[in-house]
Amino acid sequence: MNVVVAIVVANLRRLRNDRTSLFFLVIVPLLIVYALGAAIGGATQSTLIGVVDPQPTSATKEVRTALAGAADVRLVQVSDAGALRDALARRELDGGYVVTRRDGITTFGWMASATSPEGFHVAQVMAAAVTREGLRQRAVEVVATGRGTDRVSAAAALERANAEVTRTRVRVTALQGAGDEPKSVTAVLAGGQLTLFIFLASLFGASNVLQARQFGVTRRMRAGPVTDGLIITGEAVSRFITAALQALIIVGGTVALFHVDWGSPAAVAALSAGMALVGTGAAMLLGVVARTEQQIGGVAMGVGLVMAALGGSMQPLHYFPDAIRPFAFITPHAWMNDALWDVQVNGAGLGAVWGNVVVLGAAGTVLLAVAVLAMRRRMG
Amino acid sequence: MPIATDVLDIALRVEGLKKSFGANVAVDDVWFRIAKGETFGLLGPNGAGKTTTISMICGLIAADAGTVDVYGTRIAAGSPRGRRLIGYVPQELAIYPDLSGRDNLRFFGRLYGLRGAEAERRIDEVLDVVALRDRAGDRSEEYSGGMKRRLNIAAGMLHEPRLLILDEPTVGIDPQSRNAILDAVAALGDAGLSVLYTTHYMEEAERLCDRLAIMDGGKIKATGTRRELVSMVGKHDVVNLTVSRAARAAAEGLRALPGVRSATAQDDRTVSVLADGAAALLPDIIGTFAGTPIHVQGVEVLEPSLDAVFLHLTGTALRD
Ligand SMILES: Nc1ncnc2c1ncn2[C@@H]1O[C@H](COP(=O)(O)OP(=O)(O)OP(=O)(O)O)[C@@H](O)[C@H]1O
Ligand SMILES: [Mg+2]
């Protein structure tokens with residue numbers, strides 16, 4: 001026990017003395033959460049609506065004018081439906097519509113990343129505009145054909161006018177089902193960063209394992225009243241504590257500074273612990289196979305960021321195309337982010353996400369076991 | 001020399017140690033004992049096998065054959081048994097550069113179960129021994145080379161071991177730090193600590209050690225007190241010649257001379273000659289160069305010393 005405590009205390013003292021690491025552990029994650037929250041979580045008050053309307057007609061222009069007249073709406077021209085979908089997934093827009101014309105029928109297809117009060121409001125404004133435009137057209141028809149014509153002709157004209165009106169309709173579609181709207185976008189963003197930084201900080205911590213070897217401290221320790229198992233345990237516990245500290249800093253920091261609502265504390269803690277274990281295993285493995293600190297820096301940056309991107313830390317998994325989403329789950333990040341979404345958006349507790357916690361724990365255990373074997377081989 | 005009468009009076013017993021790395025036999029059947037309270041020197045050039053021997057004594061690597069007992073406790077690689085008895089100061093620094101000297105010592109103290117007030121007291125004591133107390137709060141990476149070495153030594157003696165093993169603790173440091181280290185080791189030896197000290201500096205061995213072993217090529221060539229070792233060389237003297245050029249060729253020529261046991265070029269201009277009765281041979285030695293482009297510029301006849309012993313036993317001078 002002495003040995004484990006000695007190693008952990010020394011590693012924590014080293015961390016305390018390392019300004020760069022502290023900067024990356026405390027300032028950087030909180031700064032990123034803040035910046036992302038400010039950029040996307042939207043201090044902007046107006047609702048941004050994307051418009052896909054390659055060949056405007058008088059009717060579609062009328063709808064546009066009506067929408068633009070709504071005080072809190074801003075319209076943005078978008079090239080096609082695909083681009084609109086992407087922009088919605090990136091949350092650059094709050095909603096949008098695509099004007100299509102088939103068989104003489106004009107359709108306003110309304111899209112939103114999720115159903116929201118703003119979305120309904122905009123859809124209503126649009127529907128009203130479409131109806132108003134229809135009435136106007138009908139009146140024009142009546143006036144144009146109603147001069148000196150018989151009833152039959154007038155009825156027929158009205159009939160035609162009616163048909164014209166029904167040719168324009170509004171269809172409201174949401175990309176996702178209702179109930180998927182995060183209470184706070186910042187919480188979801190912070191969740192992604194929590195996952196990313198627990199893993200990234202762990203990987204960078206691999207240099208402590210390498211350094212203990214390089215400084216000759218590991219060899220020196222082995223001359224003492226210790227076993228290799230205790231030395232390895234001491235290093236692993238140090239890595240775990242560092243990862244857990246990173247989690248605490250991000251969760252605590254975002255709660256204190258940005259009032260982020262993380263949902264169930266038990267669930268967030270369990271998921272963070274699972275991810276910290278994964279990070280511990282990865283750090284130990286990297287620390288034993290790496291030869292230089294540059295290697296560790298490179299691998300940490302590369303692997304840490306790629307896995308974070310693939311695992312939904314930079315863009316929520318819910319906005320991934322269906323074809324790609326399953327592949328995200330080869331990363332531990334996806335298991336954590338997926339569960340965090342449930343916790344933050346649907347108010348799930350530990351009971352609902354324990355499966356993901358188990359997956360993380362198992363992945364961490366396997367990584368750690370491989371690392372321990374590699375270390376024992378190197379020491380023996 | 002203290003005579004060991006009981007196993008517990010033997011601080012260290014090394015019997016038949018062997019270790020090979022592939023085809024390279026680093027340690028070849030090494031035997032020696034260190035009595036309680038004795039300072040024992042292991043003297044040998046680079047690659048002699050000193051560090052490998054010490055690594056086996058500390059249980060850092062497994063021996064191919066042989067045994068190590070410290071105060072009667074068998075030392076084995078992979079087992080922590082008996083390790084507390086040993087204080088190990090490795091040849092390479094083994095400290096965290098980003099921790100202060102004091103925090104490094106706290107770490108090593110804790111490894112051996114030292115904590116709290118008792119740890120702080122011991123830390124202050126060893127800091128005084130190595131004269132680092134006033135810099136104890138600074139990060140060790142800010143220390144000079146000699147200060148780092150002194151911290152390395154302090155870490156080894158912190159837990160009050162009964163056998164202190166120092167592997168070339170003075171290599172590559174300034175004379176002031178070196179003296180501080182030698183004084184500290186001498187004081188520990190005087191206080192009754194058993195010490196195993198390796199070095200390739202003859203004068204350190206002469207100054208510190210009660211007994212010595214001369215090691216070369218993985219083997220112990222001779223063991224004894226300085227006086228015993230020197231008497232082995234008998235009436236052989238060492239003559240150091242300073243020549244104008246081509247010391248190697250000069251040594252070659254001298255070897256052919258009757259009465260010359262060995263002649264070795266130490267550098268471009270120095271030849272060490274081991275001779276029977278140097279006084280009588282000197283004219284012949286100098287005469288060897290008559291008619292050659294080599295001029296003798298200086299002659300120094302040395303009293304029998306460990307240098308001579310070493311030259312006699314190994315045919316090489318003890319140098320880097
Ligand atoms: N881990 C190792 N792997 C392979 N060969 C080794 C290893 N350690 C030592 N050797 C070899 O064993 C021999 C003895 O080395 P050792 O380090 O014990 O010498 P030394 O007397 O301590 O030398 P120095 O004065 O330079 O420290 C050398 O030939 C060295 O190359
Ligand atoms: Mg050595």
Beta bridges per DSSP with both ends in the protein assembly as shown, % antiparallel, nearest 5
60 percent
Count, for each residue of B:106-117, the Cβ atoms from other chains sitting within 10 Å of its Cβ, then give me the mean as a whole number.
5
If you restrict to DSSP beta bridges whose two residues both lie in chain B, what percentage is antiparallel, to the nearest 5?
70 percent
Ranked by how many other beta carbons lie within 10 Å on average, peptides B:286-297, A:360-371, A:261-272 from highest
A:261-272, A:360-371, B:286-297
In vacuo Debye scattering of chain B, one point per C-alpha: log10 I(q)/I(0) at q = 0.08 Å⁻¹?
-0.43
Just the C-alpha atoms of the range B:48-177: what Rg/Rh do they give, with Rh taken as the Kirkwood radius?
0.98
GNM result for chain B, Cα springs below 10 Å: residue of B:213, B:117, B:184 fluctuating most strongly
B:117
Cβ density ranking, 10 Å radius, fewest first, applied to B:162, B:207 yields B:207, B:162
Restricting to Cα atoms and excluding each atom paired with itself, what does the Kirkwood estimate give for the range B:182-260 in Å?
15.7 Å
Write down, largest first, the equivalent ellipsoid semi-axes of the range B:10-121 in whole Å, where each equals the square root of 5 times an eigenvalue of the alpha-carbon gyration tensor.
28, 17, 13
At 18 Å minimum axial length over the Cα atoms and a Kyte-Doolittle cut of 0.0, report the qualifying DSSP H helices in chain B, or say none.
B:175-190
Run the simple label-point estimate for residue A:103 and residue B:138 please: 7 Å along Cα→C-beta, distance reported in nm.
8.9 nm
Under a crude label model (7 Å from the Cα following the beta-carbon direction), how far is residue A:92 from residue B:128 in nanometres?
7.2 nm
At a threshold of 8 angstrom on Cα-Cα distance, excluding pairs fewer than six apart, so keeping six or more, what relative contact order does chain B reach in percent?
19 percent
Sequence-distant aspartates and glutamates (8 or more away, or on other chains) whose Cα lies within less than 16 Å of residue B:36
B:6, B:9, B:69, B:160, B:190, B:210
Which aspartates and glutamates does residue B:219 reach when only Cα atoms under 19 Å apart count, and residues fewer than 8 places away in its own chain are ignored?
B:15, B:28, B:29, B:64, B:167, B:168, B:228, B:307, B:320
What translational D, rounded to a whole number of µm²/s, comes out for the range B:235-303 from Stokes-Einstein when the hydrodynamic radius is the Kirkwood one over Cα pairs, at 25 °C and 0.890 mPa s?
214 µm²/s
Please work out the FRET efficiency for the pair residue B:231 and residue A:365, using the Cβ-Cβ distance as r and a Förster radius of 60 Å; give the result to the nearest 0.05.
0.35
How far is it, in nm, from the label point at residue B:290 to the one at residue B:267 when both lie 7 Å from their Cα along the line to the Cβ?
3.1 nm
Average beta-carbon neighbours from other chains, 10 Å sphere, peptide A:16-29
1
Residue separation between residue A:22 and residue A:35 times 0.36 nm, minus their alpha-carbon distance, gives in nm 2.8 nm
Residues meeting the amide H criterion for residue A:75 (H placed from the backbone, H to H distance under 5 Å, 5 or more places apart or on another chain) are A:49
Output field shielding_mean for A:210-219 (other chain Cβ, 10 Å radius) holds 4
Just check the protein assembly as shown against the gyration tensor rule for me: Cα atoms, a ≥ b ≥ c as the square roots of the eigenvalues, rounded for a/c under 1.5, and otherwise prolate or oblate depending on whether a/b exceeds b/c.
prolate
With n ≥ 4 as the cut-off for DSSP H runs, can you work out [θ] at 222 nm for the protein assembly as shown, using -39500 (n - 2.57) per run divided by the number of residues, rounded to the nearest 500?
-17000 deg cm²/dmol
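Every number here is computed from the coordinates shown, using simple stated rules; none is lab data. Since the model is a prediction, treat every value here as computed from it, not as a measurement. Please note: Cβ atoms are built from the backbone with ideal geometry, for glycine as well, and neighbour counts cover all protein chains shown.
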